[in-house]
Amino acid sequence: MKIHEYQAKRILHESGVRVPRGVVADSPQAAAGGFDELGGPLAVVKAQIHAGGRGKGTILEHPEQRGVQLVRSAGEAAEVAARILGQTLVTVQTGPAGRRVRHVLVEEGCQVARELYLAIAVDRAAARPVVIASSRGGMDIEKVAAENPGLVFREPFDPDAGLMPYQVRKLAQKLALAGPAARAADGFMRALGRVFAGNDCSLVEVNPLVVTADGELLALDAKISFDDNALFRHPDLAALRDLSEEDPAEARASETGLSYVKLAGNIGCLVNGAGLAMSTMDLVKLHGGEPANFLDVGGGANVDQVTEAFRILLEDGDVNAVLVNIFGGIMRCTTIAEAILAAYRSVGFRAPLVVRLEGTEVDQGRRMLAESGLDIIAAEGLTDAAVKVVAAAGG
């Protein structure tokens with residue numbers, strides 16, 4: 001689960017990480033009031049969406065406008081907010097459709113001496129969190145990592161013990177932090193580690209991490225993502241979820257207990273098990289098709305869940321054919337067959353349906369579909385299913 005920058009900074013501030021003072025606004029008047037409240041000669045108005053690259057992103061309705069802009073008066077803050085709020089911001093991470101801006105963050109300016117990069121993510125190979133740092137922070141960190149990997153430093157740490165002082169010293173040395181900045185790094189980085197481990201995060205990113213003129217460290221921008229599987233332990237964090245920033249179909253699937261990700265193809269896939277779902281998508285691609293989604297109904301889905309999965313698939317206007325690939329272990333093939341028949345009755349199928357069933361109660365499940373009289377294309381094996389669904393989709 002992702003949250004907005006202003007929410008991430010609130011969490012960091014409460015944990016002892018220094019962040020700029022800021023005011024969230026949802027109207028031009030509130031933005032002007034925020035500038036006055038901050039009381040400085042300079043502020044930044046920042047669009048709040050779940051995507052990076054906002055400083056280089058453009059407002060679709062006003063291409064000359066950017067998602068992050070400097071302002072020097074309350075009136076200017078109001079004018080900029082008026083041109084951003086309610087509009088569509090397009091960045092490298094949103095795709096051409098962009099995201100609607102519903103809030104802006106009006107934030108105090110600061111004297112920037114250096115810009116660094118600092119993040120904590122999960123290192124699956126090491127089975128622990130890893131601090132990722134670079135002396136080249138800013139909007140082009142991906143380019144730095146690709147072209148100058150030697151400028152990116154990694155430091156794995158034990159989540160129970162936290163980031164240790166000697167590890168901070170190593171990172172500070174690599175980032176050429178000295179004097180007050182090196183001393184500030186200890187509190188800043190170790191607090192960031194506590195935020196990551198204590199909140200079951202999958203990512204905590206500060207980009208840029210600013211070294212100010214007086215040697216302090218400041219999180220000028222912040223991004224936090226949480227492990228969805230651990231949110232039951234953090235109802236306060238779950239309450240920060242902004243459904244307007246999520247794909248409606250993905251949000252709906254999540255509420256039903258399904259794992260769904262929209263893709264750009266035209267073949268809908270309904271599979272049980274993430275590994276089988278990935279293999280199914282691979283074979284569809286191998287035989288010339290393009291998956292329209294990743295959809296894992298899980299091993300214990302019931303008829304209602306599978307029926308809802310069909311609804312989500314068929315409401316996608318890009319879907320020209322649907323492939324159901326089920327290996328019945330915990331999931332019974334008869335449950336899938338029953339769900340397919342229920343979906344036909346309640347949803348209706350506007351696209352060809354290819355079904356491959358194997359496993360528990362497979363003979364009964366196949367018989368139920370064959371005796372239904374419905375136009376269902378049966379497949380023997382995954383390769384046969386992939387070939388048939390690609391043909392059915394017009395591939």
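Throughout, read-outs are computed from the coordinates displayed, never taken from laboratory work. Because the structure is a prediction, the values reported are computed rather than measured. Glycine gets a Cβ as well: all are built from the backbone with ideal geometry, and neighbour counts include every protein chain shown.
3J(HN,Hα) along region 264-280: 9, x, 10, 10, x, 10, 10, 9, 10, x, 5, x, 5, 4, 5, 5, 4 Hz, from the Karplus curve 6.51 cos²θ - 1.76 cosθ + 1.60 with θ = phi - 60°, whole Hz, x for Gly and Pro. Among beta bridges from DSSP that stay inside region 247-392, the antiparallel ones total about 20%. Charge dipole of the chain (Cα centre as origin; +1 on each Lys and Arg Cβ, -1 on each Asp and Glu Cβ, all else neutral): 840 debye, rounded to the nearest 20. The phi-based Karplus calculation (6.51 cos²θ - 1.76 cosθ + 1.60; θ = phi - 60°) puts the 3J(HN,Hα) values of region 251-263 at 5, 5, 4, 4, 5, 8, x, 9, 9, 9, 9, 6, 10 Hz, whole numbers, x for Gly and Pro.
With only Cα atoms counted, region 1-111 has Rg and Dmax values of 13.3, 39 Å. Against the chain, whose longest principal axis comes from its Cα atoms, helix 303-314 is set at around 70 degrees. The angle between the Cα long axis of helix 180-198 and the main principal axis of the chain comes to about 30°, on a 0 to 90 degree scale. Think of region 117-237 as having a plus end and a minus end, set by charges on the Cβ of Lys, Arg, Asp and Glu; of LEU220, CYS201, PRO149, PRO149 sits farthest toward the positive end of this dipole.
Total lysine pairs in the chain at Cα distances under 14 Å, for residues eight or more apart or on different chains: 6. For the chain, DSSP calls about 75 percent of its internal beta bridges antiparallel.
Here's the picture: charge each Lys and Arg Cβ at +1 and each Asp and Glu Cβ at -1 in region 21-108, and of ALA47, THR91, PHE35 the one pushed furthest to the positive end of that dipole is THR91.
Counting only alpha carbon atoms, the long axis of helix 28-38 and the longest principal axis of the chain meet at about 40°. If you take every residue apart from ASP26 with its C-beta less than 13 Å away from the C-beta of ASP26, what net charge results, scoring Lys and Arg +1 and Asp and Glu -1? Surrounding charge for ASP26 is +1. Entry note, the chain: the mean residue ellipticity at 222 nm calculated from DSSP H runs of n ≥ 4, each adding -39500 (n - 2.57), is -10500 deg cm²/dmol after division by the residues and rounding to the nearest 500. Taking a cut-off of 30 Å, what percent of all Cα-Cα pairs in the chain are separated by more than that? Summing the P(r) tail past 30 Å for the chain gives 52 percent.
Each peptide in 209-217, 229-237 receives the mean, over its residues, of other Cβ atoms within 10 Å, and ordering these scores from highest gives 209-217, 229-237. Between GLN173, LEU313, GLY299, whose Cα lies farthest towards the positive end of the dipole of the chain when Lys and Arg beta carbons carry +1 and Asp and Glu beta carbons carry -1, centred on the Cα centre? Of the listed residues, the answer is GLN173. Both radii are taken from the alpha-carbon atoms of region 112-238; with Rh as the Kirkwood radius, Rg/Rh is 0.96.
Computed over region 247-392, the alpha-carbon pair-distance distribution with 10 angstrom bins reads 13, 49, 35, 3, each value a whole percent. Could you work out which residue, out of GLN29, GLN93, GLN111, moves most in a Gaussian network model of the chain, that is, has the largest mean-square fluctuation with Cα springs under 10 Å? Per the Cα network of the chain with a 10 Å cutoff, GLN111 tops the list. Under a 5 Å amide H cut-off, with hydrogens placed 1.01 Å from N, CYS269 pairs with ALA292, ASN293, LEU323 among residues at least 5 apart or on other chains.
Calculated on the Cα set of region 85-135, radius of gyration then Dmax: 16.9, 43 Å. Residues whose amide H comes within less than 5 Å of that of ARG114, counting only those at least five positions distant or on another chain, are VAL211 (H built at 1.01 Å from N in the peptide plane). Each Lys and Arg contributes +1 and each Asp and Glu -1, all at the Cβ; summed about the Cα centre of region 1-131, the dipole is approximately 520 debye. Using the Cβ of GLN305 as centre and a radius below 13 Å, the other residues enclosed give a net charge of -3, where K and R count +1 and D and E count -1. The residues packed around ILE330, meaning those with a beta-carbon under 15 Å from its beta-carbon, carry a net charge of -2 if Lys and Arg are +1 and Asp and Glu are -1.
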